[in-house]
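The values are calculated or read from the model by the stated rules, or taken from the named source; none is laboratory data. None of the values given here were measured: they were computed from a predicted structure. Reconstructed Cβ throughout: ideal geometry from the backbone, glycine too, with neighbour counts over all protein chains shown.
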Amino acid sequence: MASTLPALPQSRHLAQPIPGPRSRELQAQRNGEVTSAFGTTLPVFIDRAEGGILQDVDGNRIIDFASGIAVTSVGATNAFVQARVAAQLERFTHTCFMVTEYEGFTEVCRWLNAHTPGSFDKRSALFSTGAEAVENAIKIARAATGRPNVLVFDEAYHGRSLLTMAMTAKENPYKLGFGPFPEQIVRAPNAAPLRWPGGAANAAAEALAEVEGILADHGPESFAAIVIEPIQGEGGFLVPAEGFLAGLRSIADAHGIVFVIDEIQAGMGRTGTLFASEHEGVEADLIVTAKAIGGGLPLSAVTGRAELMNAVHPGGLGGTYAGNPLACAAALGVFEAFEDGSLLDAARVIESVVRAHLEPLLDSVPVVAEVRGRGAMMAIEFADPVTLEPRADVTKAVVAACHAAGVLVLSCGTYGNVIRLLPPLVIGTELLEDGLRVLAEAIVRQSAEASALRDVATA
């Protein structure tokens, strides 16, 4: 589908202070109509988005290091996605797959069955949101095993529904005041190298030993599933110690537990491979996808071993909007965009550029504790250089400075002390480097100011 709009310049531009007057006007209207329970990272209203740029209603062009929280990986105006959605829009918008079927649903499932890790026979089920897919993965695991318990991990994030809130680790804002939560959720330590008490070299082995102990305490025969993100998202973009995922795979096999990998944020090319678990050579029994697979339209999926996926009775899975025709068309456009491999190459280039700009800060800025991640899923953590006490104050100041300069970044982490970078895979290198320069300068300046304020406060 050819756009009738002129190309959006791929350069940062501040026409007005951020937020500008029109955004402030719209924000006032929003406050009178929308519940205050919806938070806002940057209170600007977007008029257009293309490539690595978000243009707001005041004419500001903001560098996008968020991709709608890892959703618009192929770009917010990808030609493959637009063409397929436009064609589907002409035919019909909805029938409900459980009432009358349509080919797009099956085609999306066919692609997922063929491309998710694992050479075994697979089936897929489509839903609308990541949380919905996670819940259905648990339903499938319980139906297949007849067991109730689910093992999850520290720093995990799996969604905002009641069950997925119980699985999520962070209390505020995700769980605060919303309990009681479903039971049968058991938590284990994640092998995060930076803060592992026994040192990074021992993180995988010691964390796996703790997992074995926790399973023994509860009875391994009571566990339906082990669920983990291959790189933890909201928890701080934590990359597990080498061997941890493979060890969990072995533990699951030994006890007949369904191994579920949540690829909602890390999947669909974000880390330089189609799925982040490929970096570890680990195959899940069930893999959960969402976010980027729909190219901006709501779509999620559970894909896994045929015998597990077919263990649920007919009618046991579904949803009115599950695998909506427009969302399926968008997904087929996303899959088409990945066919030539260039987007995976782009993710790896993004990582090298990010590391080149941010890793030197490890030696020059004391509160920069770690630069980590894979592909276009990178993060920088701020902490006291001696005690590793989280420095959320530095994170907050750096984020604010970047936003004022026209670079959209997101914070994350259990302690709010991590900045995560999720640029669209189609971002140009020149634009990426401009945003990284703004970020690096903000880190140097704001960390020095925050440390000086802390010194005065403790004097």
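Data for the structure
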quantity	calculated
Per-region count, region 96-118, residues in contact (Cβ under 8 Å) with a residue 60 or more places away in the chain and of a type in the set (Gly, Ala, Ser)	2
All positions within region 208-239 that are closer than 21 Å to Tyr415 by Cα and free of Cβ contacts under 8 Å to residues at least 60 places away in the same chain	Pro230
Some residue of region 283-291 being surrounded by fewer than 20 Cβ atoms within 10 Å (Cβ to Cβ), in contact with a helix residue (DSSP H, G or I) (Cβ under 9 Å, 6 or more places away or on another chain) and hydrophobic (A, V, I, L, M, F, W, C)	no
Pairs, first not assigned by TED's automatic domain parsing to the domain that holds Gly295 in region 340-355, second of a type in the set (Asp, Glu), C-beta under 9 Å, six or more apart	Val353/Glu433
Check on Val371, in the same structural domain as Val71 (by TED's automatic domain parsing) and touching a residue at least 24 places away in the same chain (Cβ under 8 Å)	no
Count of region 90-116 residues which are over 23 Å from the mean Cα position of the chain (by Cα), part of a helix (DSSP H, G or I) and under 15 Å from Pro298 (Cα atoms)	2
Qualifying residue in region 414-429 (condition: surrounded by fewer than 23 Cβ atoms within 10 Å (Cβ to Cβ), more than 28 Å from Gly267 (Cβ to Cβ) and in contact (Cβ under 8 Å) with a residue 12 or more places away in the chain)	no
Residue check, Ala379 crowded, with 23+ Cβ neighbours inside 10 Å and part of a strand (DSSP E or B)	yes
For Asp393: the one exception among (1) in contact (Cβ under 8 Å) with a residue 40 or more places away in the chain; (2) assigned to a strand (DSSP E or B); (3) more than 25 Å from Ser11 (Cα to Cα)	(2)
Enumeration of residues in region 406-443 that are in a strand (DSSP E or B) and either among the aromatic types (Phe, Trp, Tyr) or within 11 Å of Ile53 (Cα to Cα) (or both)	Val407, Leu408
Residues of region 35-51 satisfying the condition of being modelled with pLDDT under 95 and closer than 18 Å to Pro21 by Cβ	Thr40
Which numbered condition Ala330 fails, given (1) more than 24 Å from the chain's Cα centre (by Cα); (2) crowded, with 17+ Cβ neighbours inside 10 Å; (3) under 18 Å from Thr129 (Cα atoms)	(1)
Scope region 357-369; condition within 29 Å of Met268 (Cα to Cα), in contact with an Asp or Glu (Cβ under 9 Å, 6 or more places away or on another chain) and surrounded by fewer than 21 Cβ atoms within 10 Å (Cβ to Cβ); matching residues	His357
Among the residues listed as Ala369, Ala401, the single one being more than 21 Å from the chain's Cα centre (by Cα), under 30 Å from Leu176 (Cα atoms) and assigned to a strand (DSSP E or B)	Ala369
Residue check, Gly319 surrounded by fewer than 21 Cβ atoms within 10 Å (Cβ to Cβ) and assigned by TED's automatic domain parsing to the domain that holds Ser119	yes
Selection from region 43-62 of residues that are assigned to a loop (DSSP other than H, G, I, E, B), in contact with a strand residue (DSSP E or B) (Cβ under 7 Å, 6 or more places away or on another chain) and crowded, with 19+ Cβ neighbours inside 10 Å	Val44, Gly52, Asn60
Residue match in region 395-404 (condition: within 27 Å of Asp58 (Cβ to Cβ), touching a Leu at 6+ places or on another chain (Cβ under 6 Å) and surrounded by fewer than 24 Cβ atoms within 10 Å (Cβ to Cβ))	yes
